[in-house]
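Report on the following structure.
The values are calculated or read from the model by the stated rules, or taken from the named source; none is laboratory data. The structure displayed is predicted, hence computed values, not measured ones. We place every Cβ from the backbone using ideal geometry, glycine too, and count neighbours over all the protein chains shown. Side chains included, ligands, DNA and RNA excluded: accessible areas come from the protein's heavy atoms. Shrake-Rupley method; radii C 1.70, N 1.55, O 1.52, S 1.80 Å.
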Amino acid sequence: MKTNDAEINSSPVTDEDILYMKRALELARLAGERDEVPIGAVIVKDGEIIAEAGNEREASKCATHHAELLCIERACKRLGGWRIPSATLYVTLEPCPMCAGAIINSRIDRVVFGAHDIRFGALGSLVNLNALGFNHSFALSGGVLEDEAKELLSSFFKKKRSGGK
């Protein structure tokens, strides 16, 4: 159920989006340096970063420690509740079904992602959970700084395949 580009890009990209996506890319680079899959996430509310994270699955040995979930958890703690309204999540790779579900449940208003994920992407590439009629949906922009996000992932896995750390 591939989503068309108009649905994925229902929200126009701004200079501010580029700025925050660059921060997410920096967090992804840092995750890669820790031998984690290089994915970074940032949540912005009222023009301020309220939470950020990179993948931590390898270090924590926990399947749920995706950058998006860690970022959502940190934002909830900071805000003192499970809802994160009027916020935008920036993430370097299209969220998987688990992360997309958490985005819906946390009531985030907008998601901006970098690279599309044809294998696991749950916001349009493989399936679009945002379009299934849940009690919450969000504005979506995909492909923001996609080349940079793809390059981080590609370099990481190329190095892994060659036996490098």
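Given N residues in the chain, what is its alpha carbon radius of gyration divided by 2.2 N^0.38 Å?
Working it through for the chain, the quotient is 0.96.
Rounded to the nearest 500, what is the chain's calculated 222 nm mean residue ellipticity when only DSSP H runs of at least 4 contribute -39500 (n - 2.57) each, over all residues?
Helix contribution divided over all residues of the chain: -12000 deg cm²/dmol.
Going through region 1-106, which chymotrypsin sites (Phe, Trp or Tyr not before Pro) have at most 13 other Cβ atoms within 10 Å and a DSSP loop state?
Trp82
Anything over 29 Å Cα to Cα? Flag those among Lys61/Lys159; Lys22/Lys160; Lys22/Lys158; Lys45/Lys150; Lys61/Lys158; Lys77/Lys150, in the order listed.
Lys77/Lys150
Output ³J(HN,Hα) for region 138-144: one whole-Hz value per residue in order, computed from phi by the Karplus curve 6.51 cos²θ - 1.76 cosθ + 1.60 with θ = phi - 60°, and x for Gly and Pro.
9, 6, 9, 9, x, x, 7
What is the ratio of the Cα radius of gyration of region 36-88 to 2.2 N^0.38 Å, where N is its residue count, to two decimals?
Rounded to two decimals, the normalised Rg is 1.14.
Would you tally the net charge around Pro85, using a Cβ to Cβ cut-off of less than 9 Å, leaving Pro85 out, and scoring K and R as +1, D and E as -1?
+2
What is the set of long-range amide H partners of Val111 at a cut-off below 5 Å, with H atoms built 1.01 Å from backbone N?
Leu89, Ala139, Leu140, Ser141
Pairs of Cα atoms under 8 Å, at least six residues apart: use those to get the relative contact order of the chain, whole percent.
It comes to 24 percent, rounded to a whole number.
Taking K and R as +1 and D and E as -1, what net charge do the other residues with C-beta under 10 Å from the C-beta of Ile108 add up to?
Residues close to Ile108 contribute a combined charge of +2.
Quick one: what are the phi-derived ³J(HN,Hα) couplings along region 24-31, Karplus 6.51/-1.76/1.60 with θ = phi - 60°, whole Hz, x for glycine and proline?
Result, rounded to whole Hz: 4, 5, 5, 5, 5, 4, 4, 4.
How much area per residue is accessible in the chain when the probe is 1.4 Å and only protein heavy atoms are counted (Å²)?
So the chain comes to 50 Å² accessible per residue, rounded to a whole number.
Cβ under 11 Å from Ile39's Cβ, Ile39 left aside: what net charge do those residues give with Lys, Arg +1 and Asp, Glu -1?
Net of charged neighbours comes to -3.
Residue by residue, what Karplus-based ³J(HN,Hα) values in Hz, rounded to whole numbers, does region 55-69 have, using 6.51, -1.76 and 1.60 with θ = phi - 60° and x for Gly and Pro?
3, 9, 4, 5, 5, 8, 6, 10, 4, 8, 8, 6, 3, 4, 5
Rounded to a whole number of µm²/s, how large is the Stokes-Einstein D of region 47-140 at 37 °C and 0.692 mPa s, given Rh as the Kirkwood radius over C-alpha pairs?
Using the Kirkwood radius from Cα pairs, D works out to 246 µm²/s.
Can you compute the equivalent ellipsoid semi-axes for region 118-165, i.e. the square root of 5 times each eigenvalue of the Cα gyration tensor, sorted largest first and rounded to whole Å?
In descending order, the three semi-axes are 30, 13, 7 Å.
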